[in-house]
Amino acid sequence: MVNVDEFIEEAKAEIAEEIGDKHAVIGLSGGVDSSTAAALAYEAIGDQLTAVYVDTGLMRKGETDEIRETFDYMDSLRIVEAQDRFLDELEGETDPEEKRHIIGEQFIREFETVAREVDADYLVQGTIYPDRIESEGTIKSHHNVGGLPERIDFDGIVEPMRDLYKDEVREVARALDLEEIISERMPFPGPGLAVRIIGEVTEEKLEVAREANHVVEEELEEYEPWQALAAVIGKATGVKGDNRVHGWVVAVRSVESRDGMTARAQELDWDTLQRMQSRITGAHENVARVVYDVTHKPPATIEYE
Ligand code: XMP
């Protein structure tokens with residue numbers, strides 16, 4: 001991308017020409033890629049675009065409200081409240097790949113419902129260059145809206161950012177005046193907090209994971225990590241007040257990386273670690289301890305599942 005304004009004008013022209021007077025849908029995840037693609041497409045075709053945000057219940061604290069506020073200007077925005085359906089489908093499932101599969105399938109079902117309702121002819125996707133490289137090598141089953149094109153008979157798929165890298169997408173997002181909370185946001189996996197909960201996803205573990213991730217993102221902002229996160233990794237004994245509890249163990253992870261393919265655990269100072277420990281154990285009565293993950297990738301991955 002040579003010039004951001006030129007890119008935006010060309011991308012809008014391409015979207016408008018391809019879609020003409022037809023109707024398009026886009027899945028909005030809250031991340032920078034799909035948000036930027038949605039903002040671009042909306043500038044190009046206005047209410048001929050329906051942006052669909054599925055609240056899976058696996059989102060970060062406040063994420064759904066931020067989306068609602070950021071995209072409030074789009075009359076055609078659809079927010080699908082699907083938290084109960086996702087939790088029901090995930091009930092009892094402990095296998096990491098199965099959890100990913102269930103989430104991907106349910107996401108497609110929710111998205112299809114809206115796409116059929118609005119009679120969408122085109123699918124707009126926020127695919128970027130590294131996604132194409134990764135899916136060619138099938139490194140990871142990125143769920144995004146994968147699988148959808150085969151299940152709905154779209155006239156076409158439009159991927160206006162297919163040649164951009166992440167930092168270029170952020171530049172486009174800034175030029176489109178997207179809120180900083182979106183343009184500067186850390187990467188977040190499609191399956192959301194489910195891959196930051198080892199084993200079954202339950203409401204209690206989700207509450208702990210959501211609160212802990214919020215604390216970590218706040219406390220580590222100044223370290224400018226590629227990604228910082230918290231995961232609920234098991235149970236252990238602790239003492240709360242006068243009682244022994246068998247509570248959750250939360251792992252904090254903060255990594256530096258260029259592309260997520262390899263990563264280095266970040267060195268944090270003791271005060272920061274202790275502040276996170278105190279806020280996370282204080283946030284929920286059933287958190288017994290907090291540990292810091294010092295493993296690089298490889299041998300570990302960035303997420304826990
Ligand atoms: P791992 O855990 O494989 O993660 O070291 C590398 C990067 O990919 C993100 N990630 C995902 N993103 N769907 C996504 O859209 C997924 O299933 C998924 N799994 C991991 C992860 O957050 C990190 O940035």
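The values are calculated or read from the model by the stated rules, or taken from the named source; none is laboratory data. Model, not experiment: these values are computed from the prediction. Note that each Cβ is placed from the backbone with ideal geometry, even for glycine, and that neighbours are counted across all protein chains shown.
Are any residues in the stretch 256-305 away from the ligand (no atom under 16 Å from the Cβ) and assigned to a loop (DSSP other than H, G, I, E, B), and if so, which ones?
Of everything in the stretch 256-305, those that are away from the ligand (no atom under 16 Å from the Cβ) and assigned to a loop (DSSP other than H, G, I, E, B) turn out to be E267, L268, D269, H284, E285, N286.
Do we have D72 as surrounded by fewer than 16 Cβ atoms within 10 Å (Cβ to Cβ) and either of a type in the set (D, E) or out of contact with any strand residue (DSSP E or B) (no Cβ under 8 Å at 6 or more places or on another chain) (or both) here?
Numbers: surrounded by fewer than 16 Cβ atoms within 10 Å (Cβ to Cβ): yes; either of a type in the set (D, E) or out of contact with any strand residue (DSSP E or B) (no Cβ under 8 Å at 6 or more places or on another chain) (or both): yes.
Considered against the rule, which asks whether it is surrounded by fewer than 16 Cβ atoms within 10 Å (Cβ to Cβ) and either of a type in the set (D, E) or out of contact with any strand residue (DSSP E or B) (no Cβ under 8 Å at 6 or more places or on another chain) (or both), D72 comes out as yes.
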Query raised in the report: Can you pull out the residues in the stretch 16-46 that are within 24 Å of T113 (Cβ to Cβ), over 18 Å from the mean Cα position of the chain (by Cα) and either of a type outside the set (D, E, K, R) or buried (at least 24 other Cβ atoms within 10 Å of the Cβ) (or both)?
Result: I19, H23, A24, V25, A41, Y42, I45, G46
Report summary line: The correct count of residues that are within 16 Å of the chain's Cα centre (by Cα) and basic (K, R) in the stretch 85-110 is 2
Report summary line: Counted residues in the stretch 183-209 being of a type in the set (K, R) and within 16 Å of the ligand (Cβ to nearest atom) come to 2
Query raised in the report: Does the stretch 222-241 hold any residues that are under 23 Å from M59 (Cα atoms) and surrounded by 17 or more Cβ atoms within 10 Å (Cβ to Cβ), and which are they?
Result: P225, W226, Q227, A228, L229, A230, A231, V232, I233
Requested in this report: Just one of (1) more than 16 Å from the ligand (Cβ to nearest atom); (2) outside any loop (DSSP other than H, G, I, E, B) trips up V54, so point out which.
Outcome: (1)
Report task. Of the conditions (1) farther than 30 Å from D84 by Cα; (2) not in a helix (DSSP H, G or I), L220 clears all except one; give me its number. Result -> (2)
Report summary line: For E63, the lone unmet condition from (1) away from the ligand (no atom under 16 Å from the Cβ); (2) without any contact (Cβ under 8 Å) to a residue 40 or more places away in the chain is (1)
Report summary line: The helices (runs of 4 or more DSSP H) lying wholly within the stretch 79-181 that contain at least 2 residues that are at pLDDT below 95 and of a type in the set (G, A, S) are 96-117
Requested in this report: Among the residues of the stretch 243-286, write down those that are basic (K, R), touching a strand residue (DSSP E or B) at 6+ places or on another chain (Cβ under 9 Å) and without any contact (Cβ under 8 Å) to a residue 40 or more places away in the chain.
Outcome: R244, R264
